[in-house]
Each structure stands twice: as C-alpha cells, then as structure tokens.
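Here the structure comes first, spelled out in structure tokens, and everything after it is commentary.
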Amino acid sequence: MIVAMQESATEEQIQRIIEHLIRMGFSVHRSTGARQTVVAAVGARIDFDIRNLEVLPGVQEVHRISAPYKLAGRSFRPQGTQIRFGNGVNIGGQEVLVMAGPCSVESREQLFNAAEQVAKAGARALRGGAFKPRTSPYSFQGLGVEALKLLREAGDRFGLLVISEVMEIAQIASMLPYVDIFQVGARNMQNFNLLRELGKIKKPVMLKRGIAATYEELLLSAEYIMSGGNYEVILCERGIRTFETYTRNTLDVAAIPILHKLSHLPVAADPSHGTGLRDKVPPMARASVAAGADALIIEVHPDPDKALSDGAQSLYPQQFSALMDQLRIIAPAVGRTIA
Ligand code: PEP
Ligand code: MN
C-alpha cells in the first residue's frame, strides 16, 4: 500500500500515519521528496480498509497494491483453474462449455423437449430453474424438488450435466443428489451465509455477478466460497444495471478479459439475462466467445412464447442450433473449440 501525504502535511501527521501502519502490522518505508512524503507499507494484512487511512489528517491519497482476495486472485494459480466433470467435460481449458435450457423447469414435456434439442445442437450441460428468484411474489416460483428430479433424468437421458440455482442454505442438501453445478443467482451474490455453506460442498458453484457489483465484490464473494475449501468456482457475467433501458441489463463483455486477468477462475457469460432480448442473444454470445469466455449459459425454450419465465430472452431451438454452428467457427479464431 502506498500512502501519499499532502504537501502541507506536518511531521507530526506523517509520524501518526507511520505509527498507525506499524500498529496494523505493516513494515513501513518512508520516502521524503522535495515537496511530498510518500509512505510505502508492506505486509501480510489483507483485511484493512484504506478509507481508515484516507480520512486521517495530512493524507492525500492511499493506493492498495495487493488485492483484497487471496484465493480467487490470479497469483494463487497463475496457470488458471480447470474444473473437470465425470463425463469428460471440462471448464477453463481449451474447450468452451455451452450450457442451455429453459429459464424454469415447467413440465416434463417442456424440459425433455428442450434437453433433447440443446443436446442435439451440441450443448453439454442443461440449465433449468427449480427455485426461481422472481421480482414479483405473484410470478411463477418454480417446481422445486420435482424440477430437480426432472433435470437429473433429462440430463442423464441426453448426456448433459445439470446446473440449477440454489436460493437458500436449506435447499443445498435437497439439490446435491441432482445437480452437477450449483448456480448462485445475481440476487444472491452477496448472500454471505449461503456462500459460506457452498464452500463446504464438493461440487462446482457458478457465481453470477450481482446487478450492481464491481469485479472486486464478485471476487470477494468467490473468496467466501473458496475460503471454505471449495475451489471449484465459475464466475459469471450476466449483465449489470446501467442507465440504458433498451436492454434488460447491460452485458459487460469487458468483464471477461478483466476477470481473467484478476483471477484464475473460469469465466462464463450469460447473454440471455445480459440482454433480455432474444434477437440480441446470439450476437452477444458470439462476442463473449470472442472475448475469451470459458462457458456460456443460454436460455432455450421449445415454445418461448408460452414460457412461464423469461420467454422474451429465450431462443427458439433452431436459433440455438444456428448459434452453435457460428460459435464453432468463432472459437478456433481465439484458440478454442466448442466442447
Ligand atoms: C436465471 O438464470 O434464470 C436467473 C434468475 O439468473 P440471474 O440470477 O442472473 O438473474
Ligand atoms: Mn431466467
């Protein structure tokens, strides 16, 4: 950490900062120039808040050099993290994993139809919400455990991994037998109690970025899961809230290369929630693969116009299949293949 003192800072104020840093456990290196003094603090502490220094008299600015997260940071595993699944599928390697399926599991017929078509088009994982976080309490809330059973059965039938959202701690145990990947939704990115519990399980967790979360906040949430011992975390950019109203959310494509720089964890993109508009999903899926995404999660419904949730952003199966053909052309341009 670097503390730049104001030109007008007194020797007393500088000493106060130095003592404060020493008390916090840092070793301190002072550099006094012609006009200004700069204090460099080196040490193992990760849990300090730079604002505690910024507010002290005589301080001009404080810069943090080391990241506030350890396990999620790139330097923890510079070569990157790969998550391998039993069926040979791998996230974070050369292949790009495509996860697809309906927003919500609505019926056996709907799910099996979706699963068959996404598998035929080349998806390797089936998505489907069993517990749905809906903005309105009057909207469809999901079929719960019944949906999980259908997901497992459809996943096994068509050779697909299963990913579904967990909304609360009490659901973890009931989901464990059925899902391969736990999804933490945008609304729960900072549900720290839930994250801690997911740190204790032995299945991968896909952590979606909150609608107004910074990269640092996303990585600190990943750190909650990892600090419990579960290192299999996938970060997911799913669009953030901006001033733009044309789209449902603004897919921050830059998050993909930036998270790769900051972290060793695989990065997924969700162009469905990231745009909210069916015809904007394929271009943003293509852009995400071009930007280096390790995985995509895409909503596909056999009859989107009748969907109980997120119909407007759900692809028709033929659209998904055409998108997969395009992705197979784009991926090699960036040194990847579609799983
Ligand atoms: C979903 O995947 O259907 C979902 C609710 O996602 P998010 O948490 O990104 O809104
Ligand atoms: Mn959805």
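A few remarks follow.
- In region 283-339, the residues that are of a type in the set (Ser, Thr, Tyr), within 16 Å of ligand 1 (Cβ to nearest atom) and open to solvent by 20 Å² or more (accessible area, probe 1.4 Å): none
- For region 307-319, the set of residues classified as under 24 Å from residue 133 (Cβ atoms) and either away from ligand 2 (no atom under 15 Å from the Cβ) or under 24 Å from the mean Cα position of the chain (by Cα) (or both) consists of 309, 310, 311, 312, 313, 314, 315, listed by residue number.
- Residue identified as within 15 Å of ligand 1 (Cβ to nearest atom), in a helix (DSSP H, G or I) and within 27 Å of residue 46 (Cα to Cα) among 195, 207, 219: 195
- Selection status of residue 128, within 13 Å of ligand 2 (Cβ to nearest atom), without any contact (Cβ under 8 Å) to a residue 40 or more places away in the chain and closer than 22 Å to residue 339 by Cα: yes
- Residue count, region 272-282 (criterion: away from ligand 1 (no atom under 11 Å from the Cβ) and touching a Ser or Thr at 6+ places or on another chain (Cβ under 8 Å)): 5
- Complete set of residues in region 250-277 that are closer than 21 Å to residue 119 by Cα and touching a helix residue (DSSP H, G or I) at 6+ places or on another chain (Cβ under 6 Å): 269, 271, 272
- Strands (runs of 3 or more DSSP E) completely within region 1-102 that count 3 or more residues being surrounded by fewer than 14 Cβ atoms within 10 Å (Cβ to Cβ): 27-32
- Filter pass, residue 266 being surrounded by fewer than 24 Cβ atoms within 10 Å (Cβ to Cβ) and farther than 20 Å from residue 187 by Cα: no
- Only one of 184, 233 that is among the β-branched types (Val, Ile, Thr) and either open to solvent by 10 Å² or more (accessible area, probe 1.4 Å) or farther than 19 Å from residue 73 by Cβ (or both): 184
- In region 250-262 there is no residue matching the filter, namely being within 16 Å of ligand 2 (Cβ to nearest atom) and surrounded by fewer than 24 Cβ atoms within 10 Å (Cβ to Cβ).
- Verdict on residue 190 being of a type in the set (S, T, N, Q), within 16 Å of ligand 2 (Cβ to nearest atom) and under 15 Å from the mean Cα position of the chain (by Cα): no
- Every residue from region 168-186 that is touching a strand residue (DSSP E or B) at 6+ places or on another chain (Cβ under 8 Å) and part of a loop (DSSP other than H, G, I, E, B): 178, 179, 180, 185
- Every condition in (1) assigned to a loop (DSSP other than H, G, I, E, B); (2) more than 16 Å from ligand 2 (Cβ to nearest atom); (3) without any contact (Cβ under 8 Å) to a residue 12 or more places away in the chain is met by residue 136 except one, and the failing one is (2).
- Residues that are open to solvent by 10 Å² or more (accessible area, probe 1.4 Å) and touching a residue at least 24 places away in the same chain (Cβ under 8 Å), drawn from region 187-203: 187, 188, 190, 192, 193, 196, 197, 200, 201, 202, 203
The values are calculated or read from the model by the stated rules, or taken from the named source; none is laboratory data. Predicted, not measured: the structure shown is a model, and the values here were computed from it. So basically every Cβ, Gly included, is an ideal-geometry build from the backbone, and we count neighbours across all protein chains shown. Surface areas here come from the heavy atoms of the whole protein model, side chains and all, with no ligands, DNA or RNA. Shrake-Rupley method; radii C 1.70, N 1.55, O 1.52, S 1.80 Å.
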